[in-house]
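The values are calculated or read from the model by the stated rules, or taken from the named source; none is laboratory data. Just so it is clear, the model here is predicted, and its values are computed rather than measured. Here the Cβ is made from the backbone with ideal geometry for all residues, glycine too, and neighbour counts use every protein chain on show.
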Amino acid sequence: MTHLTPQLLLSAYSQGIFPMADEDGSIYWYDPDPRAILPLDGLHISRSLARTLKRNQFEVRVNSAFTAVMHACAAPDDGREDTWISEEIITAYTNLHNLRFAHSVETWFEGKLVGGLYGVALRGLFAGESMFSRETDASKVALVYLVNRLRERGYLLLDVQFLTGHLQRLGAVELPQAAYKKQLAQAMQVVTWFD
C-alpha cells in the first residue's frame, strides 16, 4: 500500500499527477491525456444558476467542514455506486488540509451542509478533486465561489482532471497533455494563497 504523504502528494500535483483508489483500496496514479481544465475566465453560468445566485439561498463557507465534504463526495449516489475516495485518500487529504494545501468550499442551507467541493491548492494551481450536491445548484454555487476566489488571488489554472458533461456545460475544456503541462509549469511560478 502506498503511503500518501503530503510531500509525495505535493510532488505529484506539481507534475500533473494525482492518485485515485480502486474498489479494493489500491492506489493508482493518473496523468490523463487529454486533461480537463475549467478556464478561470470561461465559467458558464446558466440562467437558472444565475437565478439561484441572485436568490442567495445558500451560505457559502470555506474550510469549515473539509472532512465532511470528502465523506459526502465519497458517498454512493445515483449512477455512482463505487467511489475512488477511500479512507486512505480521506486521511491523506485531511493531512494536506491541516497543512493548508487542501481546501473545501461548502454550501449550507438552514444550518445543513448541502453541497461543496474540495481540492488541492499549490502555487497558482487549484486541482479540483470532487464535488457533491444534495440540493439543486448547491455544488455549482460552490464552484462559482471557488472560481471567483481563484481569480481574485491570481491563480492561473483550475484543473478538473476528466471532462464530464456536467463540467463541460459549466465551461470546462480538454487540453492535450503537453499544453496542460505548459500551463502547469506557468502556474508553479505563481506565489499566492487560498485562505
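Looking across the range 131-147, the residues that are among the aliphatic types (A, V, I, L, M), part of a helix (DSSP H, G or I) and over 17 Å from D41 (Cβ atoms) come down to A138, V141, A142.
Going residue by residue through the range 93-115, is there one that turns out to be closer than 16 Å to S133 by Cβ, of a type in the set (K, R) and within 18 Å of the chain's Cα centre (by Cα)? Looking for residues that are closer than 16 Å to S133 by Cβ, of a type in the set (K, R) and within 18 Å of the chain's Cα centre (by Cα), one finds none in the range 93-115, hence no. For the range 121-144, the set of residues classified as within 14 Å of C73 (Cβ to Cβ), more than 12 Å from the chain's Cα centre (by Cα) and of a type outside the set (A, V, I, L, M) consists of S133, R134, listed by residue number.
If you go through the range 21-61 and pick out every residue that is modelled with pLDDT of 95 or more, part of a strand (DSSP E or B) and in contact with a helix residue (DSSP H, G or I) (Cβ under 8 Å, 6 or more places away or on another chain), you end up with 5.
Conditions tested, residue by residue: (1) within 14 Å of G128 (Cβ to Cβ); (2) aliphatic (A, V, I, L, M).
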{"residue": "Y145", "(1), (2)": "yes, no"}
{"residue": "E152", "(1), (2)": "no, no"}
{"residue": "Y155", "(1), (2)": "yes, no"}
{"residue": "V160", "(1), (2)": "yes, yes"}
{"residue": "L163", "(1), (2)": "yes, yes"}
{"residue": "G171", "(1), (2)": "yes, no"}
{"residue": "E174", "(1), (2)": "no, no"}
{"residue": "Q186", "(1), (2)": "no, no"}
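Has the range 148-163 got at least one residue that is on the phi < 0 side of the Ramachandran plot, in a helix (DSSP H, G or I) and buried (at least 20 other Cβ atoms within 10 Å of the Cβ)? Checking the range 148-163: at least one residue is on the phi < 0 side of the Ramachandran plot, in a helix (DSSP H, G or I) and buried (at least 20 other Cβ atoms within 10 Å of the Cβ). Residues of the range 1-20 that are surrounded by 12 or more Cβ atoms within 10 Å (Cβ to Cβ) and either over 19 Å from the mean Cα position of the chain (by Cα) or assigned to a loop (DSSP other than H, G, I, E, B) (or both): T2, L4, T5, Q15, G16, I17. Filtering the range 88-100 to residues that are in contact with a helix residue (DSSP H, G or I) (Cβ under 7 Å, 6 or more places away or on another chain), within 22 Å of Y145 (Cβ to Cβ) and either surrounded by fewer than 18 Cβ atoms within 10 Å (Cβ to Cβ) or hydroxyl-bearing (S, T, Y) (or both) leaves Y93, T94.
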